[in-house]
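The values are calculated or read from the model by the stated rules, or taken from the named source; none is laboratory data. If you're wondering where the values come from, they're calculated on a predicted model, not measured in any experiment. Positions of Cβ are backbone-derived with ideal geometry, glycine not excepted, and every protein chain shown enters the neighbour counts.
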Amino acid sequence: MTLVYKGLGVLAGLALMIVLLFSSVEFVIYHMDGYFENEYNKYQVTQAIDIEMDDLLLVTEKMMDYLKGSRDNLIIYTKIGNQEREFFNTKEKKHMADVQKLFIAAQSLRLKALLFAVFVMGILLFLKKGSALFYGIQWSIAVFFAGTGLLVVLVLFNFNHYFTLFHKIFFNNNDWILNNKTDLLINIVPEGFFRDTAFWITGVFGTSALIVWGISWFLAKGIKTGE
């Protein structure tokens, strides 16, 4: 029976890691103050597409609202150069509709993972199997770290390959293949932007996971053995 409790602890921990991972993504792209503006300045995006920073940030805000389902469409007009025009073309809108589905699916998965983790933790704590829970969480964090660590190493060696692989896995069309001469989207989020974002997400996730690991270790040590 002890193995069952430890297994439940590991499953709760893995579910918790999913919550932390998706929450880290949300924190970086939605809540890090000035993140997009700093990235746009870093990669000289406003100069590349001839747009004012305030206008670009407004477009970005509306785009991000769309991705999380708070906006119905991507019909966004702004000034590019001396011309008032729609920012996204048809192909970009189709791709972003696919991206929106991923965002909403991730939000749903995070909620389900959270409910599962809370449910299992509640059961184990009610049964006074706290040590199985906290040791399980520590093990799940170690497994998650090993997996994500390997992934980070692979991506660092060949970012383009795994960036392309990601899109081929999650998108069943070629709308994600954009042209920087005709599509503004690829100009505002160049490869460096994705690399930086992956770096920050990894950092936020790693830090939060280590905090959870430390809390679990402390609580596990505080529980008497032989429950």
> Of the residues that make up the stretch 19-29, is at least one surrounded by fewer than 20 Cβ atoms within 10 Å (Cβ to Cβ), under 30 Å from residue 130 (Cβ atoms), touching a Lys or Arg at 6+ places or on another chain (Cβ under 9 Å) and touching a residue at least 24 places away in the same chain (Cβ under 8 Å)?
Replying inline: yes
> Taking the stretch 40-70 only, how many residues are in contact (Cβ under 8 Å) with a residue 12 or more places away in the chain, of a type in the set (D, E, K, R) and either touching a Cys at 6+ places or on another chain (Cβ under 9 Å) or part of a helix (DSSP H, G or I) (or both)?
Replying inline: 3
> Within the stretch 67-88, how many residues are closer than 21 Å to residue 172 by Cα and touching a Leu at 6+ places or on another chain (Cβ under 8 Å)?
Replying inline: 1
> What residue, among those in the stretch 72-84 that are out of contact with any strand residue (DSSP E or B) (no Cβ under 7 Å at 6 or more places or on another chain) and assigned to a strand (DSSP E or B), is surrounded by the fewest Cβ atoms within 10 Å (Cβ to Cβ)?
Replying inline: 83
> All but one of (1) at pLDDT 95 or above; (2) in contact with an Asp or Glu (Cβ under 8 Å, 6 or more places away or on another chain) hold for residue 81; which doesn't?
Replying inline: (1)
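Residues are listed down the side, and each one gets a yes or a no for (1) over 25 Å from the mean Cα position of the chain (by Cα); (2) surrounded by 13 or more Cβ atoms within 10 Å (Cβ to Cβ); (3) basic (Lys, Arg):
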site	(1), (2), (3)
40	no, yes, no
86	yes, yes, no
91	no, yes, yes
104	no, yes, no
111	no, no, no
> Based on what the data block shows, is residue 179 at pLDDT below 85 and either farther than 18 Å from residue 206 by Cα or part of a helix (DSSP H, G or I) (or both)?
Replying inline: no
>> Can you tell me which residue is farthest from residue 10 (Cα to Cα) among those in the stretch 140-161 that are out of contact with any Leu (no Cβ under 6 Å at 6 or more places or on another chain) and buried (at least 16 other Cβ atoms within 10 Å of the Cβ)?
In response: 155
> Could you count how many residues in the stretch 45-84 are more than 21 Å from the chain's Cα centre (by Cα) and hydroxyl-bearing (Ser, Thr, Tyr)?
Replying inline: 3
> With respect to residue 140, is the statement that it is under 20 Å from the mean Cα position of the chain (by Cα) and farther than 18 Å from residue 197 by Cβ true?
Replying inline: yes
> Are any of the residues in the stretch 200-213 outside any helix (DSSP H, G or I), among the β-branched types (Val, Ile, Thr) and over 23 Å from residue 132 (Cα atoms)?
Replying inline: no
>> Just the residues that are hydroxyl-bearing (Ser, Thr, Tyr) and either within 20 Å of the chain's Cα centre (by Cα) or closer than 30 Å to residue 8 by Cβ (or both), please, taken from the stretch 162-193.
In response: 162, 164
>> If I filter the stretch 209-227 down to residues being crowded, with 18+ Cβ neighbours inside 10 Å and small (Gly, Ala, Ser), which single residue comes out as nearest to the chain's Cα centre (by Cα)?
In response: 209
